[in-house]
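Engineer: Before I ask anything, let me first share the structure, which is written out below as structure tokens.
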Amino acid sequence: MKPAGLPIWMGDAASALREAAQLFAEISDSPRLDAELLMAHVLQIERSELLLKLPALTVPSEFAALVERRQRSEPIAHIIGRKEFWGLDFQVTADVLIPRPDSELLIEEAVRLFASTHPQRILDLGTGSGALVLAALHEFPEARGLGMDASAAALQIAHNNADALGLADRASFLLLDWCQPDWTGSLGSGFDLILANPPYVASGVRLSADVADFEPHQALFAGEQGLDDYAIIIPALEKLLSPGGAALLEIGFDQANPVSEMATKSGYHVELKQDLGKNDRLLILRR
Ligand code: GLN
């Protein structure tokens, strides 16, 4: 227990965690976890170690400032500069979408689809932090991967992540904007696995403050219905996919019908998958 009269952030770490979690309850769905991640970050230890040693720890002086940032809805991933995705550690800044647990479904399904025939060439459209292509390369040690993005700042992060994860020799990245005509020209063709988590939020949707105020709108919003980027990507798949290849597209929970329709019209067989929250989240497109 913290001695009476001491400021909140000067006592033992366990009390400070409880205080922080209470403050975060107003702005976060995972207040206790948030507090633990911030505390582990300032102590420069893993969260598991924090939990083990907690009774013996006192609050580091930097903790209070981080708590204040989180109270203003800044994402934990931005404050600590990292986010775990598919069990791998990714550098994250405000230049990239923070990898979501829901997007792990794309990797899970890629592993299922390519259980016997491993993909040789992987393409990630709108790679951002590189999370999808790098997680896929981690799973498929024979494969080479290409991540494209319209943001040079994002590609720098993707590069850093490829280096840090020891995947740089099999990963390349390309600055490319699919809003430009002939954008597929420099990508080549024959990709066995295409992954994409494009922007898919409808322009009128009000996102929570931690997303709307901190994450790149370029990676989130896609026109009035959130479908603009699928309308570009789906017609381009024909040129990019190898004959037996599959494209895995993340979709918004209410977009299975319109996006499936686009894909069917382009001649694809479409399979719909749901995420852990039972929301429609992924379409698998094959010839
Ligand atoms: N799933 C994200 C969100 O709801 C949106 C990601 C995207 O547009 N690709 O914030």
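The values are calculated or read from the model by the stated rules, or taken from the named source; none is laboratory data. Not measured: the values here are computed from a predicted model. All Cβ positions, glycine included, derive from the backbone under ideal geometry; neighbour counts span all protein chains shown. Each accessible area value is taken on the protein alone, full model and side chains, heavy atoms only, with ligands, DNA and RNA left out. Shrake-Rupley method; radii C 1.70, N 1.55, O 1.52, S 1.80 Å.
Engineer: When both residues are 6+ apart or on different chains and their Cβ atoms are under 9 Å apart, which pairs have a first residue that lies in the range 180-205 and is over 21 Å from Phe221 (Cα atoms) and at pLDDT 95 or above, and a second that is within 15 Å of the ligand (Cβ to nearest atom) and open to solvent by 20 Å² or more (accessible area, probe 1.4 Å)?
Structural biologist: Thr184/Trp178
Each row is one residue, and each column tells you yes or no for (1) more than 16 Å from the ligand (Cβ to nearest atom); (2) within 23 Å of Pro31 (Cβ to Cβ); (3) hydrophobic (A, V, I, L, M, F, W, C).
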position	(1), (2), (3)
Leu57	yes, yes, yes
Leu88	yes, no, yes
Ala94	no, yes, yes
Ile98	no, yes, yes
Leu106	no, no, yes
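Engineer: What is the one condition in (1) within 15 Å of the ligand (Cβ to nearest atom); (2) open to solvent by less than 50 Å² (accessible area, probe 1.4 Å) that Phe253 does not satisfy?
Structural biologist: Single failed check for Phe253: (2).
Engineer: Only one of (1) at pLDDT 95 or above; (2) of a type outside the set (A, V, I, L, M, F, W, C); (3) surrounded by fewer than 17 Cβ atoms within 10 Å (Cβ to Cβ) fails for Asp34. Which number is that?
Structural biologist: It fails just one condition, (3).
Let's see how each residue does on (1) closer than 20 Å to Leu132 by Cα; (2) in contact with a Pro (Cβ under 6 Å, 6 or more places away or on another chain):
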site	(1), (2)
Ser186	no, no
Pro198	yes, no
Asp210	no, yes
Gln218	yes, no
Gln225	no, no
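Engineer: Select from the range 141-167 the residues that are open to solvent by 10 Å² or more (accessible area, probe 1.4 Å), outside any helix (DSSP H, G or I) and touching a residue at least 40 places away in the same chain (Cβ under 8 Å) and list them in ascending order.
Structural biologist: Leu146, Ala150, Ser151, Leu165, listed by residue number.
Engineer: Within the range 213-242, track down each residue that is near the ligand (Cβ under 9 Å from one of its atoms) and part of a helix (DSSP H, G or I).
Structural biologist: Ala219, Asp229, listed by residue number.
Engineer: Which ranges mark the strands (runs of 3 or more DSSP E) fully within the range 35-137 that have 1 or more residues being aliphatic (A, V, I, L, M)?
Structural biologist: 88-91, 121-125
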